[in-house]
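Taking it in order: structure first as structure tokens, then the write-up.
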Amino acid sequence: MTAFRFTIDGVEIDAREGQTIMEAADEAGIYIPRLCDHEGLRHQGSCRVCTVKAGGRSVSACTQPAAAGQEVENETPHLGKLRRDLVEMLFHEGNHLCPICEASGNCELQAMAYRLDMTAPTKFPYLEPCRALDASHPDIALDRNRCISCGRCIRASQDVDGKGVFGYVGRGIHRHVGLSAEDLAGTDAKLADFAISPEVCPVGCIIRKRVGFATPIGEREFDKGLIGHEIEERRHE
Amino acid sequence: MVADAPNGNDITRTGFDPGAEWFAALHEEPNGIDSLTLQTHTSETAAVAEICGGFDNDPHRMLDILRQVQERYCWISPQAMRVIADLTGLTPIAVEGVASFYSFLSLSLRGRVTIRLCDDIIDRFSGLGAITEAFETGLGIKVGGTSANGAFSLEFTPCIGLCDQAPAAMVGDVVLTALTPQKASRIAEALKAGQSPEDLVSQRFGDLSPHERAERMVENNIRHAGAVLLGPVAADAGLRNGLDLSPPQIIDTVEASGLRGCGGAGFTTGRKWRMAATEQAERRFVICNADEGEPGTFKDRVLLTERPHLLIEGMTIAARAVGASQGIVYLRGEYVYLRDHIEAVLADRRARGLLGKAILGADGFDFDIRLQMGAGAYICGEEGALISSCEGLPGEPKTRPPYPVTRGYLGFPTVVNNAETFCHAARILDRGARWFSAMGCQGSHGTKLFSVSGDCLNPGIYELPYGQTVQELLEMAGAEDAAAVLVGGPSGTMIGRDTFHRRLCFDDLATGGAVVVFSHRRNILEIVEYYMSFFVHESCGYCTPCRVGNVFLQKAIGKFRDGKANPGDIDYLRDLSSTIIETSRCGLGMTSPNPILSTLENFPLVYSAMVKPTRDRIRDTFDIQSAIDGARKLARRRSHIFDRDFTE
Amino acid sequence: MSEPPRARIATASLAGCFGCHMAILDMDERLIELTKLVEIDRSPLTDIKSFTRRADIGIIEGGCCNEENVHVLRDFRRNCDVLIALGQCAIMGGLPAMRNAIMHSDEPLRECLEEAFISGRNIRNTTHNIPNDPALPLLLDEVYACSEVVEIDYQIPGCAPSGDIIFDTLSRLLTGRFRGFGRDMIKFD
């Protein structure tokens, strides 16, 4: 495979033919914010939070192939603002009441809001959906009011578990994650599925029953460090 | 019988017996399936299996399968989806993903005939309200409803490509134009009396040729024929010339002509063909984008009706140029009335050796075309989404790169061109690159079809060389009192009188051809709000900014119309628009804020006049009276704070 | 020796749980430091019910769920130079705003109150009435974030915000050195 170099925010990094900008950045210890992308899953490029400028054009870093000599912008005030808008859109599309959500502290959406300084008074309206909860399954519950349509569960179930428990249905603002049966109990979803594992759902939509508050608020994943810090630490190794 | 039936389930409870298949599917009881249910299940299963079999159980033909199931059962039942999933090897949720994506497919039971009223802004301005009322009264159902006996459903649908003869509607597979309330009532009566939609067009519909049927339903309204497309055309002269040229020579000719894509984006056609031709691959495809969904555009309708041979000729030339042996014409679901006509043209050309094996006797020149019907999704005009749709997937744009010319349909290099582009290509091969490139202006060569509609005397099709001014076109169309003109449809630009001198060409006002005229009587904000609701309806929902951001824009325009906009909301509109444009994944989101941005630019007073000032940094847009009204009624008392002569 | 003039601060608790006011006490001994810089005007902490004069900073806990909240919030906006929304309820409605998402019927308020006071599964209300004392302020159709009703200058996130972020923000604002929050301080829970 051909190796080449390109720059992110002026820092020269190594890449190989076939890598996306994000893959190369991850290896080099440069974190590019992302929500729909997850290690081990197909790239989807739908949340757009990983938008970077490559050669002056805005592209999603998770799908854009890295190119030799390319100049990529990542941490600029302008891109920070775009990403903050996108994260805020996702907050407002669903019902994200952090104080009552058991995912608080482990939630990537929330953590992204922290990282992107989402603290100014909002200008966006709240869409306040009213989607039915699904607690039919003995071990798993779904609160789709918190779904951000990242589709990670869909790809995990389809590609890793080989099951197809989840899938997108509908179009536009009505597009949502549907189930292969009437309710979750009717599917072959299991607690041991990769799709159900804590790392796949970035928010509090897929809930594993009876473990919600095993770790108290304040001692959770993103209480310990900003999202992306593991990747950034690679850079200093 | 009148019933307010919000979904299929309620209809069944009225006791109507529809022929039982779907009835059974709805009443699926896990415990104690009775024999009738079992029987009807079996018959639906067999029928759906037969439909799947007709397409070799190929998951890539999902859209065709679902269209046929919809046609037969008036919905796609859970049972049908399970059968289809089973036979095509997909998961049931994947089938539901497709079935739930397209407007013309339904997951709840619809009537045997669906009446779709076009609710484009032009139709609204042409009296859609009264026509809707006439249909509602006549059929005894509201828009969105289905009649109790399962005969009719009534719906709104976005632009069906008949703006020059609005108001218009689809009734089953036929279209009816220039509707009046009287006409609408008569249609409703006739349908209720048992006439078929085809009877409404002609009592001898079956005896008419497909072309005659199309002519009977729809006026062409060709107002100005240019030298390239709508004037006299020598049959297959371009194709014959193409046979004397090598594929690279064909591409050179098309490139030398300066032809650019006519869908609006204007990519150089010759370059596109060359990229597909030079990509290493076992197979290649040529696809005609006849999914013209941009509100106000109807030029392809006229080409498909009057120049279908030229279109197929152009595709055949493209196939020779890039080395494709298979092609697809993707026809938007709204143009289903042209399906038989196109099929007849394809059959005729096969019979005459112009399609199929060894075209015109040229050894190894094999090319055939299938017709792919769409099913009501504007996004499928985007080339990646169109390819997804042809592959039997939801019409979602594909990740780029790779581009379709390198990895398109089924992963093979694919040329997707607009219908008009193929027609031009055929004419270029006939008359030569120089002839074509001499027309038009620098950077925009040849002629262009403009679809003019709205407030003008002569709506219809104008074939003009590129480079005319908007003013010149307006004069031809009898639109002297135009106050605003939308060039390129809602994803284009809305301009005012002071810029009617701008030119229709790629370097100034680039357009796929829609020119929608609005007189001073029209409310700009009403138009903008309509177009934003259109984009909200048509966004595929794949990416965040387009899915969510357009809803926010629509709501913000609503605030302006209600007089509830804050002074900062003008900046908010600009700011949110630029985020959507910059972060969206495809052309839809990159252009959907244009109705707002171009009117903010060209009609700023329309917005500033609606802003409520903020006093003492207290938002006047928060309306305390309406906020407490519900509680006031519930508590049966007035407010101590806000109802007495209370001075804050 | 003359002391520098102290900044006047006012606080109010709207549709909240008073937890954010309790969180002010989480500044612990730093409160003493802070009180050297400020004096507190209208506030539940001082029990002063109306502004004695214009305040430099107003701190609002809670969003607006009833007419009185709106009235108080507007009063604060008129009488404070800088207005701060403290905590998630003031910022985005918080827990009370949960009702917004479940109220999609034709008569949402009635439905909500009937379930809360009459028909709910664990209700023991022998009167079977929805409380309607004339002294009760009328409820709003939905719960509003403070920034929907008035312009808000700063928002301090948290449920409740930590003593650290409150102290950090206030002390920097008072000394003109506020440049945004440290990322490790931002918490929505």
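The values are calculated or read from the model by the stated rules, or taken from the named source; none is laboratory data. The structure presented is a predicted model; accordingly, all values stated were derived computationally and were not measured. Cβ sites come from the backbone with ideal geometry, for glycine too, and all protein chains shown count toward neighbours.
Just checking, does region B:173-193 include any residue being in contact (Cβ under 8 Å) with a residue 24 or more places away in the chain, farther than 28 Å from B:E133 by Cα and within 25 Å of the chain's Cα centre (by Cα)? Within region B:173-193 (the criterion being in contact (Cβ under 8 Å) with a residue 24 or more places away in the chain, farther than 28 Å from B:E133 by Cα and within 25 Å of the chain's Cα centre (by Cα)), the answer is no, since none of the residues qualifies.
Filtering region B:505-535 to residues that are among the polar types (S, T, N, Q) and not in a helix (DSSP H, G or I) leaves B:T511, B:S519, B:N523. Checking C:I118, C:I91 one by one, the residue that is within 14 Å of chain A (Cβ to nearest Cβ) and of a type outside the set (D, E) is C:I91 and no other.
Among the residues of region A:166-180, those that are at the interface with chain B (Cβ under 8 Å from one of its Cβ atoms) and either within 23 Å of A:L90 (Cβ to Cβ) or aliphatic (A, V, I, L, M) (or both) comprise A:F166, A:G167, A:Y168, A:V169, A:G170, A:R171, A:G172, A:I173, A:H174, A:R175, A:G178, A:L179.
So, B:I76, is that one modelled with pLDDT of 95 or more, within 14 Å of another protein chain (Cβ to nearest Cβ) and closer than 20 Å to B:F152 by Cβ or not? Judged against the criteria, B:I76 is a match.
Pairs meeting the criteria (first residue in region B:568-586 and more than 10 Å from chain A (Cβ to nearest Cβ), second residue in a helix (DSSP H, G or I) and not aliphatic (A, V, I, L, M), beta carbons under 6 Å, at least 6 apart or on different chains) are B:I570/B:Y607.
Quick one: is B:P404 within 14 Å of chain A (Cβ to nearest Cβ), at pLDDT 95 or above and either surrounded by 18 or more Cβ atoms within 10 Å (Cβ to Cβ) or closer than 24 Å to B:R320 by Cα (or both)? So B:P404 fails the test.
Screening region B:522-549 for residues that are of a type in the set (S, T, N, Q) and within 18 Å of the chain's Cα centre (by Cα) and picking the one that is farthest from the other protein chains (Cβ to nearest Cβ) gives B:S533.
Take the conditions (1) out of contact with any strand residue (DSSP E or B) (no Cβ under 8 Å at 6 or more places or on another chain); (2) within 22 Å of B:P92 (Cα to Cα); (3) of a type in the set (A, V, I, L, M, F, W, C); (4) within 12 Å of chain B (Cβ to nearest Cβ); A:A185 misses just one of them, which is (4).
Going by the conditions given, is A:I227 of a type outside the set (D, E, K, R), closer than 21 Å to A:L116 by Cβ and either assigned to a loop (DSSP other than H, G, I, E, B) or in contact with an Asp or Glu (Cβ under 8 Å, 6 or more places away or on another chain) (or both)?
Here the answer is yes, as A:I227 does meet what is asked.
Condition check: outside any helix (DSSP H, G or I), farther than 15 Å from C:G158 by Cα, touching a His at 6+ places or on another chain (Cβ under 8 Å) and more than 14 Å from chain A (Cβ to nearest Cβ). Does C:T46 satisfy that? In short, no.
Could you check, for region B:364-381, whether at least one of its residues is under 30 Å from B:I93 (Cβ atoms), in contact with an Asp or Glu (Cβ under 7 Å, 6 or more places away or on another chain), among the β-branched types (V, I, T) and not assigned by TED's automatic domain parsing to the domain that holds B:V452? There is at least one residue in region B:364-381 that is under 30 Å from B:I93 (Cβ atoms), in contact with an Asp or Glu (Cβ under 7 Å, 6 or more places away or on another chain), among the β-branched types (V, I, T) and not assigned by TED's automatic domain parsing to the domain that holds B:V452.
Of the residues making up region B:203-221, one or more are within 28 Å of the chain's Cα centre (by Cα) and under 23 Å from B:M439 (Cβ atoms). Residue check: B:A565 meets all listed conditions (1) surrounded by fewer than 19 Cβ atoms within 10 Å (Cβ to Cβ); (2) within 14 Å of chain A (Cβ to nearest Cβ) but one, namely (1).
Note on region B:138-209: enclosed strands (runs of 3 or more DSSP E) holding 2 or more residues that are touching a Phe, Trp or Tyr at 6+ places or on another chain (Cβ under 7 Å) are B:174-176.
Taken over region C:142-180, the residue count meeting the criterion of being surrounded by fewer than 20 Cβ atoms within 10 Å (Cβ to Cβ), within 8 Å of another protein chain (Cβ to nearest Cβ) and touching a strand residue (DSSP E or B) at 6+ places or on another chain (Cβ under 8 Å) is 1.
Only a single criterion out of (1) among the charged types (D, E, K, R); (2) surrounded by fewer than 17 Cβ atoms within 10 Å (Cβ to Cβ); (3) more than 10 Å from chain C (Cβ to nearest Cβ) is not satisfied by A:R146, namely (2).
Among the residues of region B:393-449, those identified as of a type outside the set (A, V, I, L, M), in a helix (DSSP H, G or I) and farther than 30 Å from B:Y462 by Cβ are B:Y409, B:G411.
Annotation: of all residues in region B:599-641 being out of contact with any helix residue (DSSP H, G or I) (no Cβ under 9 Å at 6 or more places or on another chain), over 21 Å from C:S105 (Cα atoms) and assigned to a helix (DSSP H, G or I), the one that is nearest to the other protein chains (Cβ to nearest Cβ) is B:E601.
Against the condition assigned by TED's automatic domain parsing to the domain that holds B:A514, modelled with pLDDT under 95, farther than 30 Å from B:E255 by Cα and not polar (S, T, N, Q), how does B:E475 come out, does it pass? Criteria not met by B:E475.
On inspection, B:G97 qualifies as within 16 Å of B:L63 (Cβ to Cβ), in contact with a Phe, Trp or Tyr (Cβ under 7 Å, 6 or more places away or on another chain) and either in the same structural domain as B:D58 (by TED's automatic domain parsing) or in contact (Cβ under 8 Å) with a residue 40 or more places away in the chain (or both).
Tell me the residue from B:A214, B:A234 that is touching a residue at least 40 places away in the same chain (Cβ under 8 Å), touching a helix residue (DSSP H, G or I) at 6+ places or on another chain (Cβ under 9 Å) and surrounded by 16 or more Cβ atoms within 10 Å (Cβ to Cβ), please. B:A214 is the lone residue from the list that is touching a residue at least 40 places away in the same chain (Cβ under 8 Å), touching a helix residue (DSSP H, G or I) at 6+ places or on another chain (Cβ under 9 Å) and surrounded by 16 or more Cβ atoms within 10 Å (Cβ to Cβ).
Of the residues making up region B:450-460, those that are at negative phi and part of a strand (DSSP E or B) number 4.
Per-residue answers, yes or no, for (1) touching a residue at least 60 places away in the same chain (Cβ under 8 Å); (2) more than 10 Å from chain B (Cβ to nearest Cβ); (3) not hydrophobic (A, V, I, L, M, F, W, C):
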| site | (1), (2), (3) |
| --- | --- |
| A:G69 | yes, yes, yes |
| A:N74 | yes, yes, yes |
| A:I100 | no, yes, no |
| A:P121 | no, yes, yes |
| A:C150 | yes, no, no |
| A:A156 | yes, yes, no |
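How many residues does region A:23-55 contain that are more than 13 Å from chain B (Cβ to nearest Cβ), closer than 16 Å to A:P202 by Cβ and not small (G, A, S)? Residues that pass the stated criteria total 5.
If you go through region B:123-137 and keep only what is in a loop (DSSP other than H, G, I, E, B) and either among the hydroxyl-bearing types (S, T, Y) or touching an Asp or Glu at 6+ places or on another chain (Cβ under 8 Å) (or both), you end up with just B:S126.
How many residues does region B:247-269 hold that are on the phi > 0 side of the Ramachandran plot and modelled with pLDDT under 95?
Going through region B:247-269 one residue at a time, the tally reaches 2.
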